[in-house]
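Please read the structure below before turning to the comments.
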Amino acid sequence: MIGASLFVSAVLFAIGVGGVLVRRNAIMLFMCVELMLNAVNLSFVALSRLHGVTGQVVVIFVMTVAAAEAAVGLAIIISAFRHFKSADLADIRLLGG
Amino acid sequence: MTWTAAGVQLAHFWIFGAIAIASALLFVTRRSPVAAALWLVNTMFCLAALYVLLEAPFVGAVQVLVYAGAIMVVFLFVVMLLNLGRDDARLDLREPGVRGAALLVGLLLAVELVVASRTPAEATAPLPAAEGTNVVAPVARALFTEHLVAFEVTSVLLLAAIVGAVALARRESPASRGPAVPEGPAA
């Protein structure tokens, strides 16, 4: 079952990477990052069956950091939306990118 | 063909894994951010089921509470605050087909709940309830001894995130805008 979960984890991570590369909405981008974090969490939990409980502890830390990241990131998106009147990343080109 | 416990577990694993992958694909391909967020919640619920199957029920519970319950609600709040899911793919509940599907799902859930509540406790799957403390205790022991410093640093991180989020998302009134706050260049 560990191999199966690593497979599911890899597929979910690939989907998340594809979403980050393809989507242009800033919020969709953040949700794709969350999907990637979840995929990595699945790997951690699966491997914690082999290597002890540390993997589950790391997953709890990852969730905490993800919550902090979501709060700050969404605040930045709100602030950028007020300034640019858009959540499309193509419209946000303050540095001329 | 006999159904061993491990075989049933593996079958459940693949069912939930397939639902998770399908939900993730639907999540990436949706146009409306609200629909995408709801598919992502589905993926996270399936991942919680996978955690339980991988003998980490505490992580599964935390996954449902923190990810599906808290983080995704914040995402949905922001999507609705910015009014992004406006013009495309809004779910119209007045269509009879949608109403019928909603009624069917609701009835199915109600029947399932009644059956589950009427089932005697012996007939349900033997959860490790007798050794319930053993599920959380190893995680807690590792968290509060080996990783105590990281745990405490996490609290500082959360405080910084709260302050940062409030400072970033605050709407500045013209009265409070002093000379200490530089104006960004107009784009």
Count - residues of the range A:1-17 that are touching a residue at least 12 places away in the same chain (Cβ under 8 Å) and either among the basic types (Lys, Arg) or within 30 Å of A:ALA80 (Cβ to Cβ) (or both): 5
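Residue-wise test of (1) at the interface with chain B (Cβ under 9 Å from one of its Cβ atoms); (2) under 30 Å from B:ALA140 (Cβ atoms); (3) among the aliphatic types (A, V, I, L, M).
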residue: A:ALA14; (1), (2), (3): no, no, yes
residue: A:ILE27; (1), (2), (3): yes, no, yes
residue: A:VAL45; (1), (2), (3): yes, yes, yes
residue: A:VAL58; (1), (2), (3): yes, yes, yes
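If you check A:LEU29, A:LEU89, which single one turns out to be closer than 30 Å to B:ARG171 by Cα and at pLDDT below 90? Reasoning before the result, please.
On the way: A:LEU29 fails: at pLDDT below 90.
On inspection, the qualifying residue turns out to be A:LEU89.
Any chance you could count how many residues in the range A:60-91 are among the polar types (S, T, N, Q) and within 7 Å of another protein chain (Cβ to nearest Cβ)? Break it down into steps so the answer makes sense when it comes.
So in the range A:60-91, the residues among the polar types (S, T, N, Q) come out as A:64, A:79, A:86.
After this cut, where a residue has to be within 7 Å of another protein chain (Cβ to nearest Cβ) as well, the list is A:64, A:79.
Number of matching residues: 2.
For every residue, the table says whether it meets (1) closer than 19 Å to A:VAL57 by Cα; (2) crowded, with 20+ Cβ neighbours inside 10 Å; (3) β-branched (Val, Ile, Thr).
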residue: B:VAL34; (1), (2), (3): no, no, yes
residue: B:ALA48; (1), (2), (3): yes, yes, no
residue: B:ALA56; (1), (2), (3): yes, yes, no
residue: B:VAL66; (1), (2), (3): yes, no, yes
residue: B:GLY69; (1), (2), (3): no, no, no
residue: B:VAL78; (1), (2), (3): no, yes, yes
Residues of the range B:104-139 satisfying the condition of being assigned to a loop (DSSP other than H, G, I, E, B) and at pLDDT 70 or above: B:THR119, B:PRO120
Tally of residues being exposed (fewer than 10 other Cβ atoms within 10 Å of the Cβ) and at pLDDT 90 or above across the range B:153-179: 1
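Identify all residues within the range A:6-37 that are part of a helix (DSSP H, G or I) and not aliphatic (A, V, I, L, M); write none if there are none. Spell out the reasoning first.
Our first condition is that a residue be part of a helix (DSSP H, G or I); within the range A:6-37, this holds for A:6-22, A:26-37.
Once the filter is applied, which keeps residues that are part of a helix (DSSP H, G or I) and not aliphatic (A, V, I, L, M), the range A:6-37 yields A:PHE7, A:SER9, A:PHE13, A:GLY16, A:GLY18, A:GLY19, A:PHE30, A:CYS32, A:GLU34.
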Criterion violated by B:LEU84 - all others in (1) assigned to a loop (DSSP other than H, G, I, E, B); (2) more than 7 Å from every other protein chain (Cβ to nearest Cβ) satisfied: (2)
Matching residues in the range A:44-92 - criterion: being free of Cβ contacts under 8 Å to residues at least 40 places away in the same chain, assigned to a loop (DSSP other than H, G, I, E, B) and crowded, with 16+ Cβ neighbours inside 10 Å: A:VAL53
Spans of helices (runs of 4 or more DSSP H) in the range B:1-76 with at least 3 residues at pLDDT below 90: B:5-29, B:33-53
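Yes or no: B:ARG99 modelled with pLDDT under 95, of a type in the set (Lys, Arg) and out of contact with any Phe, Trp or Tyr (no Cβ under 9 Å at 6 or more places or on another chain)? So that I can check it myself, show each step before the final result.
On the way: modelled with pLDDT under 95: yes; of a type in the set (Lys, Arg): yes; out of contact with any Phe, Trp or Tyr (no Cβ under 9 Å at 6 or more places or on another chain): yes.
Judged against the criteria, B:ARG99 is a match.
Within the range A:30-45, can one find any residue that is closer than 19 Å to B:VAL78 by Cα and touching a Pro at 6+ places or on another chain (Cβ under 7 Å)?
Taking the range A:30-45 first, the residues closer than 19 Å to B:VAL78 by Cα are A:30-35.
Now drop any that are not touching a Pro at 6+ places or on another chain (Cβ under 7 Å), which leaves none.
Checked the range A:30-45: no residue is closer than 19 Å to B:VAL78 by Cα and touching a Pro at 6+ places or on another chain (Cβ under 7 Å).
The values are calculated or read from the model by the stated rules, or taken from the named source; none is laboratory data. Given the structure is predicted, the values throughout are model-derived calculations rather than measurements. No Cβ is skipped: glycine too gets one built from the backbone with ideal geometry, and neighbour counts run over all protein chains shown.
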